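Enquirer: What follows is a single structure, and I will ask about it in a moment.
The values are calculated or read from the model by the stated rules, or taken from the named source; none is laboratory data. Here the structure is a predicted model, which means the values were calculated and not measured. Methodologically, a virtual Cβ is constructed for each residue, glycine included, from the backbone with ideal geometry; neighbour enumeration extends over all protein chains shown. In case anyone asks, the SASA skips ligands and DNA or RNA and just uses the protein heavy atoms, side chains included. Shrake-Rupley method; radii C 1.70, N 1.55, O 1.52, S 1.80 Å.
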Amino acid sequence: MFSLQGKGIGNDIIIGKARVQSNYSNFDVQLKVISEKYIPSEEIRLEEAIADLDNDLKEIIANYNLNQKEDFRNLIESHRLILNDSLLVKGALHQITKNKCNAEWALVQQLEMLSEQFDKIKNNYFRERKHDLEQLVLQLLNKLTSIGNNDTQNSNVSKQSANKLDPKYILIAKDILVTDLPKLEQQGILGFAIENGSPTSHIAILARSLEIPSIVGIQSTKQLILQGEEIILDAECGVLITGADKEVLSNYEARQKNKYIRKEKLQSLKHIECETTDKVKIKLMANIEQPEEAKKAIDNGAVGIGLLRSEFLFLNKNAMPTEEEHYNAYLNVLKTMNGKPVTIRTLDYGADKLMPSDTSKSINIEFNPALGQRAIRFCLANIQLFLTQLRAILRASFHGQTSILLPLITHHDEIIKCREIIQSAMVELSSRGQKFDKDIKIGAMIEVPSAAISISELIPYLDFASLGTNDLIQYTLAIDRTNNKVSNLYNPNHPAIMKLIEHVVSSCKSKSCPVSICGELAGDTNQTDYLLKIGLRNFSMNYTEILKVKEKILKSKVNSSFNQ
Ligand code: PEP
Ligand code: MG
């Protein structure tokens, strides 16, 4: 038995089978688990494919006019060397025995291992050899399709295509796309562990909101975890365990049960008013990414939506949303919230938030996207797109308490420009005869150091401010929130962060500007007492955290030392 440590997302524990995903998933190779007796014939298939391809290459050389194109001959010779290299051949044969799998899967596993080694070599020549290797493996896969396989002979073959999985799988991969997350459940995948990412990366935020227990920033899983073996994913502790004995397994089963009981207990707090022991009322709102989550926000006692991340609504689309699509999504949320306030953040595209493919190109090629044309910068550079969303928000505002939240504001000029654009959206709606809230509140995310430091210059243009600590920490401490190599430096208690947060809260309070917090920090019960002590009274967080934070607040005293 051994365990691997990463950063856990969510609180649940899953016991399931490992579904190790290849980096070469575009090769479209399926794993077929074979029984022991078919291992030799699978090895023969692979050897035949190699011999066949080698013959093809020899033939090319034999028919080749040596006086011309010497480089080409050298290339084919080098392909023959790679093809017959024991690293590829013996390695793939070993994979067949180790994983009890088909030759195709074994080849791709071996390719993956070798290509990772090539990537480590800082020499262009060797890097190029990786492409040769990929070419050869593709050709071998072609050969294997015509050699036949053990499917027909072996009734015990279990096929595991990406779309056809038995329930209770845990995905093990280097990375996963945000757009793939909602599809996991239908594939029988209940959780995942990936090498990339950090707890405040958007993949983690989305996993939390979809309640998919997961671990990010976990290393070497693909080398150490066998396809199909039973593993335990403990999202609470960020631990992945393999080879667990009966005692450990039953321990985890007991913990699973306890977690269920605790969830039930927390539910009993849902209708209790959220106030500290010294009767200070605290508002707990929800961050949501999809309209359907509004219902879950209500189920967890949220008194409103403090942050609707509108960009996630459109991740699986190939084009930017129309005004009607925006409008219907917001209307849906407002209806579910039934009179409770909803704060809609304008598009925060860019950086690690994916773009619809047809509009993404200009952003994706940026060398340093977190410092590039992200969020409000993107909207101000694409006014028509911005106006489309603003008109939809304004129209929705007629049906319920709505506010507009502007992301990545760095200077008051940006707020002035946004206000002008909002004004022109209002003019257009009036000319169409459409109704909206003329006094809609306009606020800004305070999530870059320049905004936090100069908050007093922003306040005159704002109806409210919302502290986005995920980005504030990223930009202040100069650590990429998606990069697991620096996630250990992601420190919300760094003195610079505390000074910035405290400065924003006290400046807003002194000028009577409502201030709230919507970064992941808001849902961290270890920070609750501190946040209360510095004067925060409005929190917005993933709905899964609301009742835990409420439980903490119900036992806290605002005017006490935060160590109490
Ligand atoms: C933040 O930066 O804290 C925030 C809430 O915004 P997001 O995580 O969507 O960037
Ligand atoms: Mg942010």
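Enquirer: Enumerate cysteines in the chain without a disulfide-compatible partner, where compatibility requires another Cys Cβ under 4.7 angstrom.
Expert: CYS101, CYS237, CYS274, CYS379, CYS418, CYS518
Enquirer: What length, rounded to one decimal in nm, is gained on full extension from ASN318 through to SER268, with 0.36 nm per residue of separation minus their alpha-carbon distance?
Expert: Numbers: separation 50, 0.36 × 50 = 18.00 nm, distance 4.25 nm.
So the extension gain works out to 13.7 nm.
Enquirer: How would you rank 330-343, 191-204, highest first, on the average number of other Cβ atoms within 10 Å across their residues? Don't jump to the answer; show the numbers that get you there.
Expert: Values: 330-343: 19.6, 191-204: 23.9.
Highest to lowest by the protection proxy: 191-204, 330-343.
Enquirer: A follow-up question, please. So how far apart, in nm, are the two label points at ASN23 and ASP119 if each is 7 Å from Cα heading toward Cβ?
Expert: 0.3
Enquirer: Pop a pseudo-label 7 angstrom from the Cα along the beta-carbon direction at both SER430 and GLN30 and give the gap in nm to one decimal.
Expert: Between SER430 and GLN30, the simple spin-label model gives 6.2 nm.
Enquirer: Moving on. According to the Kirkwood expression over distinct Cα-Cα pairs, how big is the hydrodynamic radius of the stretch 36-144, in Å?
Expert: Numbers: mean 1/r = 0.0684 Å⁻¹.
When all Cα pairs of the stretch 36-144 are included, the Kirkwood radius is 14.6 Å.
Enquirer: Probe radius 1.4 Å, ligands and nucleic acids ignored: give me the carbon and sulfur share of the accessible area of the stretch 36-144 as a rounded percent.
Expert: 52
Enquirer: Separate question: Where does the chain land at 222 nm, in deg cm²/dmol rounded to the nearest 500, when only DSSP H runs of n ≥ 4 count, each adding -39500 (n - 2.57), divided by all residues?
Expert: -14000 deg cm²/dmol
Enquirer: When DSSP assigns beta bridges and you keep just the ones with both residues in the stretch 279-554, what percent turn out antiparallel, to the nearest 5?
Expert: Of all bridge pairs located within the stretch 279-554, approximately 5 percent are antiparallel.
Enquirer: What is the extension gain from LYS335 to GLN423, computed as 0.36 nm multiplied by their sequence separation minus the C-alpha to C-alpha distance, in nm to one decimal?
Expert: 29.2 nm
Enquirer: Further question on the same structure: So, for the chain, what is the accessible surface per residue at a probe of 1.4 Å, expressed in square angstrom?
Expert: Averaged over the residues of the chain, the accessible area is 46 Å².
Enquirer: Mind checking Rg over Rh on the stretch 279-554, alpha carbons, Kirkwood formula for Rh? Each step should come with its number before you reach the end.
Expert: Numbers: Rg = 17.8 Å, Rh = 18.9 Å.
For the stretch 279-554, the value is 0.94.
Enquirer: Still on this structure, please answer the following. Please compare each pair in LYS183/LYS283; LYS246/LYS550; LYS263/LYS283 to a cut-off of 25 Å on the Cα-Cα distance and tell me which ones are over it.
Expert: Check vs 25 Å cut-off fails for LYS183/LYS283; LYS246/LYS550.
Enquirer: For the chain, what's the radius of gyration and Dmax over Cα atoms, in angstrom?
Expert: In order Rg, Dmax, the Cα atoms of the chain give 27.5, 92 Å.
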